[in-house]
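Below is one structure, written out as structure tokens; the observations come after it.
The values are calculated or read from the model by the stated rules, or taken from the named source; none is laboratory data. Every value quoted in this text rests on a predicted model; they were computed, and no experiment measured them. Using ideal geometry, Cβ is built from the backbone for each residue, glycine included, and neighbour counts are taken over all protein chains shown. Calculation scope for accessible area: heavy atoms of the full protein, side chains included, ligands and nucleic acids excluded. Shrake-Rupley method; radii C 1.70, N 1.55, O 1.52, S 1.80 Å.
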Amino acid sequence: MKKTVVTFMILGLLAACTPDPFKSPDGSYDLSTGINGNWELNKVTIEDRSFPQFSTKDISEFYASDPVSITFNAADQSYVVEGTTTGHPFGGGGFFAFDNAEYPENITITPDNADLGSVTLSLGNMVRSIDPTMTFLDTKVSCDQVYAQYNYTFNRKK
């Protein structure tokens, strides 16, 4: 009898110490609208994946003379680019779409300039309205083998 009482007391103590599940302070974040606003291209790196050991090169300096910023509008899923329109897949502006509105993993960019063609980029992070940075990953594939990945890192402009 004594063992049964002690066992129930231990189980009761363990149940009392279980933390409550995490709840966001304001409920939840709409990840499809977290992209809204103006973003400034901060860093661009290229990972060379053609050799057994990856090498990374930072090419951010290329954008220093004509900085790139993108303004996303989630309401009509459009974007506008300021600065150089070369050296990145965004062109001068266009439209975007997420693969999943609730939990996006990829974004498809369709520039107004049809010659550039659409490109699907992986999201380095799901962007919430409170997040200060956003990363797009552009993976290059040939013959079913990944040979490079471009990482575009943006900072939210206030």
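Being among the acidic types (Asp, Glu), assigned to a strand (DSSP E or B) and open to solvent by 70 Å² or more (accessible area, probe 1.4 Å) narrows it down to one residue among 102, 47, 40; which is it? Of 102, 47, 40, the one residue that is among the acidic types (Asp, Glu), assigned to a strand (DSSP E or B) and open to solvent by 70 Å² or more (accessible area, probe 1.4 Å) is 40.
Close Cβ contacts (under 7 Å, 6 or more residues apart or on different chains) running from residues in the stretch 90-101 that are among the acidic types (Asp, Glu) to residues that are modelled with pLDDT of 90 or more and outside any loop (DSSP other than H, G, I, E, B) comprise 99/106.
Only one of (1) assigned to a loop (DSSP other than H, G, I, E, B); (2) surrounded by 15 or more Cβ atoms within 10 Å (Cβ to Cβ); (3) among the charged types (D, E, K, R) fails for residue 158. Which number is that? Exception for residue 158: condition (2).
Hey, among 95, 136, which residue is part of a strand (DSSP E or B), closer than 22 Å to residue 34 by Cα, hydrophobic (A, V, I, L, M, F, W, C) and open to solvent by 70 Å² or more (accessible area, probe 1.4 Å)?
Details: 136 fails: open to solvent by 70 Å² or more (accessible area, probe 1.4 Å).
Answer to the check: 95.
Could you identify the single residue in 148, 64, 75 that is open to solvent by 40 Å² or more (accessible area, probe 1.4 Å), more than 22 Å from residue 34 (Cα to Cα) and either of a type in the set (A, V, I, L, M) or touching a strand residue (DSSP E or B) at 6+ places or on another chain (Cβ under 6 Å) (or both)? Quick ask: steps written out before the conclusion?
Numbers: 148 fails: open to solvent by 40 Å² or more (accessible area, probe 1.4 Å); 75 fails: more than 22 Å from residue 34 (Cα to Cα).
So the residue among 148, 64, 75 that is open to solvent by 40 Å² or more (accessible area, probe 1.4 Å), more than 22 Å from residue 34 (Cα to Cα) and either of a type in the set (A, V, I, L, M) or touching a strand residue (DSSP E or B) at 6+ places or on another chain (Cβ under 6 Å) (or both) is 64.
Count, please, the residues in the stretch 7-37 that happen to be at pLDDT 75 or above and either assigned to a loop (DSSP other than H, G, I, E, B) or open to solvent by 80 Å² or more (accessible area, probe 1.4 Å) (or both). Explain how you work it out, then say what you get.
Keep residues of the stretch 7-37 that are at pLDDT 75 or above, which gives 33-37.
Still in the list and also either assigned to a loop (DSSP other than H, G, I, E, B) or open to solvent by 80 Å² or more (accessible area, probe 1.4 Å) (or both): 33-36.
Of the residues in the stretch 7-37, 4 are at pLDDT 75 or above and either assigned to a loop (DSSP other than H, G, I, E, B) or open to solvent by 80 Å² or more (accessible area, probe 1.4 Å) (or both).
Among the residues making up the stretch 109-133, a single one is more than 23 Å from residue 59 (Cα to Cα) and part of a strand (DSSP E or B): 110. For the residues 50, 69, the requirement of being more than 15 Å from the chain's Cα centre (by Cα), closer than 21 Å to residue 129 by Cβ and in contact (Cβ under 8 Å) with a residue 40 or more places away in the chain singles out 69.
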